[in-house]
1. Under a point-charge model restricted to the Cβ atoms of Lys and Arg (+1) and Asp and Glu (-1), what is the dipole moment magnitude of the stretch 12-222 relative to its Cα centre, in debye to the nearest 20?
2. Order the peptides 84-90, 194-200 from the highest to the lowest mean number of other Cβ atoms within 10 Å of their residues.
3. Sort 271-279, 134-142, 97-105, 201-209 by the packing proxy (mean of other Cβ within 10 Å over each peptide's residues), most packed first.
4. Identify all aspartates and glutamates with a Cα-Cα distance to LYS64 below 18 Å; exclude those on the same chain that are fewer than 8 residues away in sequence.
5. What's the extension gain from ASP108 to LYS201 if we count 0.36 nm per residue and subtract their Cα-Cα distance?
6. Which of the listed residues, PRO181, LEU110, ALA210, is farthest toward the dipole's positive end in the stretch 12-222, when Lys, Arg count +1 and Asp, Glu count -1 at the beta-carbon?
7. If you average 1/r across every pair of different Cα atoms in the stretch 12-222 and take the reciprocal, what Kirkwood value do you get, in Å?
8. How high is the FRET efficiency from SER54 to ALA279, r the C-beta distance, R0 41 Å, rounded to 0.05?
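Nothing in this text is a laboratory measurement; each read-out follows from the coordinates by a stated rule. Since the model is a prediction, treat every value here as computed from it, not as a measurement. Virtual Cβ from ideal backbone geometry, glycine too; neighbours counted across all protein chains shown.
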Amino acid sequence: MPRSTKITSPLVSIVIPTLRRPGPLALAAASALAQDLEGLSAELVVVDNDPDASARPQVAALAKAGPLVVHYVHAAEPGVANARNAGVAAANGAFIAFLDDDEIAPPDWLRGLIEVQRLFDADAVFGPVRAKLPDTPLKHRDYFGAFFARQGPEEACTILDGPGCGNSLVRKDALPPGPEPFSRERNGIGGEDDLLFAAMKTAGARFAWAPDAWVWEEPEPSRLALAYTQRRAFAFGQGPCSAAAAQGGAAWIKVPLWMAFGAMQVILYGGRAMIDWAARSPDLAFTLDRVAQGLGKILWFPPFKIGFYGQGALATPQPQFSTDPISGETHERHHPLDARSGAGLRPRQPDLPARTA
């Protein structure tokens with residue numbers, strides 16, 4: 001296929017997983033192809049997580065357009081970890097830049113990530129996510145703006161934890177050994193990136209924050225509803241207990257502790273929610289989010305498990321609480337609300353700066 005630039009050993013592989021979302025994919029891929037590289041070399045890897053390979057013609061058209069080498073990867077078994085693992089396996093770059101298929105990157109996005117990586121010799125770099133909401137009237141606008149965003153410090157710095165895969169740059173050699181760095185056990189429920197970055201942290205990886213390497217995220221209109229975000233908050237709350245149970249052994253002691261903490265969240269924030277409702281407070285949606293997270297910690301086991309990833313778009317029997325049937329999710333969505341003890345109602349980025357430039 002003709003391309004304007006031939007790259008044999010790209011420095012950065014931009015990986016976009018997708019599942020039956022041609023419209024958002026077109027915008028995300030176009031933003032990747034429009035990067036101002038200024039001497040950097042790059043390639044684009046699109047991972048089609050649809051069993052029917054529906055994105056193949058669209059990616060073929062992208063490959064003809066250039067200017068980057070474009071690789072099509074078919075990960076036929078739906079699942080967020082499957083899609084990410086396939087992207088990692090196909091990536092030729094020393095670094096992998098993860099961009100979700102509902103994210104749009106400005107032209108200087110990739111350079112911003114690379115600059116901070118070089119500044120701190122980081123193994124993984126993360127950038128902000130800005131929610132792009134419709135201009136029409138929207139109830140709970142502040143809450144949705146926070147929910148679909150990721151905030152952080154105004155200066156480049158090292159950070160203690162990896163806040164999520166969307167809009168990140170990872171040194172490929174720093175990934176755990178083996179063909180599947182992302183846990184397949186998290187395919188349906190997400191959190192595979194949390195497990196990956198926790199393993200990297202244990203191995204001594206250095207994480208950094210790139211405040212200027214931001215991306216837009218434009219959520220689907222169907223997701224701008226409390227019915228959707230509360231399900232996601234519930235699933236997010238299930239994470240700590242599910243992770244502890246999966247580890248087994250001594251880690252099981254954490255399960256009742258997290259469940260007790262969840263009960264406290266339900267009681268405290270449940271009371272606050274009634275006050276917010278009576279006062280018509282703009283914080284009501286934030287408070288309900290905390291209640292849903294608490295319920296998730298209590299009801300973390302089957303049949304209450306929520307499956308989001310790679311399920312909604314497929315014409316197969318759907319698990320309880322699955323997402324809308326219009327489109328599927330093939331990536332772990334960052335959650336902007338800190339679920340740690342003592343956190344306030346407003347979103348904040350946990351454990352951010354450890355050291356500034």
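1. Details: 18 positive and 30 negative charges, 41 e Å.
Approximately 200 debye in magnitude.
2. Highest mean packing first, the order is 84-90, 194-200.
3. On the way: 271-279: 14.0, 134-142: 11.1, 97-105: 25.4, 201-209: 17.7.
Highest-to-lowest ranking by the protection proxy: 97-105, 201-209, 271-279, 134-142.
4. GLU43, ASP48
5. Values: separation 93, 0.36 × 93 = 33.48 nm, distance 2.77 nm.
Net length gain for the segment: 30.7 nm.
6. Highest projection toward the positive end goes to PRO181.
7. Details: mean 1/r = 0.0579 Å⁻¹.
After inverting the pairwise mean of 1/r, the radius is 17.3 Å.
8. Details: r = 48 Å, r/R0 = 1.17.
E(calc), rounded to 0.05, equals 0.30.
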